[in-house]
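Data block below; observations after.
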Amino acid sequence: MKDKIIYLAREPKISACYTVVGSKESNGPLGQLFDEHCDDDKFSKDSWEKAESEMQKRAFAGALKKSGFIDTDVDILLAGDLLNQCVGSAYGLLDFDIPYLGLYGACSTCAEGLAIGACLYSGNIIDLYGAVTSSHYCSSERQFRYPLEYGGQRTPTAQWTTTGAGAYVVGSEGKVAISQVLFGKAIDMGITDINNMGAAMAPAAIDTITRYFEETGHSPKDFDLIVTGDLGYEGSEILKDLLLGKGIDITNNHTDCGLMIFDRERQDVHAGGSGCGCSAVVMGASVIPRIERGELKKVLFIGTGALMSPMTLFQGGSIPAIAHLVRLEYRGE
Amino acid sequence: MDKQEYKEYVEGRMKKSPILKNCFHAFLMGGAICTLGQAFLELYMVLGVERATASTLASITLIFLAILLTGLGVFDNIARLAGAGTIVPITGFANSVASSALDTKSEGYVLGVGAKIFTIAGPVILFGTMSGVLYGVIYYLVTALGG
């Protein structure tokens, strides 16, 4: 499978998605679509990290309930977040009696979890899996940038970490199938600016998308939607521009989860949303339901993540990035 | 496209921070803070405090207000607009200490607040003290030689 697309002989289908978001996200353009929101971003907990775990717990419990399964039916949980040691997931999913694999793919984690599970499913190793992802503005701000109440200014290319968790239950039932998977390679184009992660991640998305179209011979026209998550405004513009230079025109059917979740002007989020919760809740609340209804038939979802830590940046390192591709298809009547 | 070309491409297309607008806001807010400080100084002097003490009291009052506004969650909203206008005066220093303290409270008073309260202000304290010492030595040498 080196460099190759994985064609899933046995296609897993998304049985249920459930999304939990914070107050800012519920006031955004997709606000009405999320399953649950909490106006108190601490979710009645005494720390931001516990709040993030609480979101994961609510998200997965909600997805399980929607799917009609119980936790012991699920073969494996693939979950991740932005916190050190993935504690958001480890603590959040303690209550469920399911084997757990922690993932770190930064904002690509949602795609990574769906893709790994799809491969296990296709290989007949599992029959039902859960993919859970979260991020919290306050817990990541503390870890990656400044204290919350610190008075600083953000640059126009900065992105706003989404407070949200998205959970998926994937198995043999559902109208949305995962038919192909292409794992990304870590790519570092030398960007060191933590306030321009879109520019750091765009080359990874370009690499994955180019490899996908080269191998399949498809063109962007063959898809109803190509959705990246989360390049934000800056990264999306770079992606479209540089792909066009390679003869791949995605300008008409591309969108980005980071551009969908917030109203960039009204909510003062500069280049848009980011964080692994962003693509998890946007896909779960908006894109996948549209495929379920048959409004979209073929969708490419490319989860993009910036894989740096504050320590490597202080040491002068640049930001490596990754992009995993998941092809989603309508399998209704 | 190699790394260098990509970097130039990204920097070339990147929207820059609106420097003129930011400077204008910083000028207004920085000026307002200084005027407020001056008003406190005058007030304390009217109340009969001598000038040197009144000046210290005025600084302490500004520090108090900055910390109060940080605790109320208002300071960062003002600073988002004012930028250097709130960071450069003593208010910025107070905010950097208070915000770190608030943030690390969940890890306890010793390993959280105690260990991390100066995460942002630390370099200012360290290098500020060191340059003070250096200045003192130079001042001493110059006056000793000159005088």
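Before moving on, here are some points about what is shown:
- Failed criterion for A:Leu259 (all others in (1) crowded, with 18+ Cβ neighbours inside 10 Å; (2) in contact with an Asp or Glu (Cβ under 7 Å, 6 or more places away or on another chain); (3) free of Cβ contacts under 8 Å to residues at least 60 places away in the same chain hold): (2)
- Of the residues making up segment A:111-161, those that are more than 14 Å from chain B (Cβ to nearest Cβ) and either assigned to a strand (DSSP E or B) or polar (S, T, N, Q) (or both) number 10.
- Identity of the residue in segment A:200-228, in contact (Cβ under 8 Å) with a residue 40 or more places away in the chain and over 15 Å from A:Phe183 (Cα atoms), that ends up farthest from the other protein chains (Cβ to nearest Cβ): A:Asp224
- Failed condition for B:Gly73, given (1) among the small types (Gly, Ala, Ser); (2) buried (at least 16 other Cβ atoms within 10 Å of the Cβ); (3) within 30 Å of A:Lys45 (Cα to Cα): (2)
- Scanning segment B:76-113 for residues that are surrounded by 17 or more Cβ atoms within 10 Å (Cβ to Cβ), over 19 Å from B:Leu41 (Cβ atoms), more than 9 Å from chain A (Cβ to nearest Cβ) and touching a Ser or Thr at 6+ places or on another chain (Cβ under 8 Å) yields a single hit, B:Val113.
- Among the residues of this structure, A:Ser274 counts as one that is buried (at least 24 other Cβ atoms within 10 Å of the Cβ), more than 12 Å from chain B (Cβ to nearest Cβ) and either farther than 28 Å from A:Thr155 by Cβ or in contact with an Asp or Glu (Cβ under 6 Å, 6 or more places away or on another chain) (or both).
Every residue, every condition in (1) at pLDDT 95 or above; (2) outside the structural domain of A:Gly102 (by TED's automatic domain parsing); (3) not in a helix (DSSP H, G or I), yes or no:
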| site | (1), (2), (3) |
| --- | --- |
| A:Glu11 | yes, no, yes |
| A:Thr19 | yes, no, yes |
| A:Asp39 | no, no, yes |
| A:Asp46 | no, no, yes |
| A:Glu49 | yes, no, no |
| A:Glu52 | yes, no, no |
| A:Lys57 | yes, no, no |
| A:Phe60 | yes, no, no |
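- Taken together, B:Ile67, B:Ile78 contain a single residue that is at pLDDT 95 or above and assigned to a helix (DSSP H, G or I), which is B:Ile67.
- Condition check for A:Ile291: farther than 19 Å from A:Met260 by Cβ, at pLDDT 95 or above, outside the structural domain of A:Glu36 (by TED's automatic domain parsing) and surrounded by 17 or more Cβ atoms within 10 Å (Cβ to Cβ): no
- Qualifying residue in segment B:38-60 (condition: within 14 Å of chain A (Cβ to nearest Cβ), assigned to a helix (DSSP H, G or I) and under 23 Å from the mean Cα position of the chain (by Cα)): no
The values are calculated or read from the model by the stated rules, or taken from the named source; none is laboratory data. Being a predicted model, the structure only gives us computed values, none of them experimental. Cβ coordinates were reconstructed from backbone atoms using ideal geometry, including for glycine residues, and neighbour counts include every protein chain displayed.
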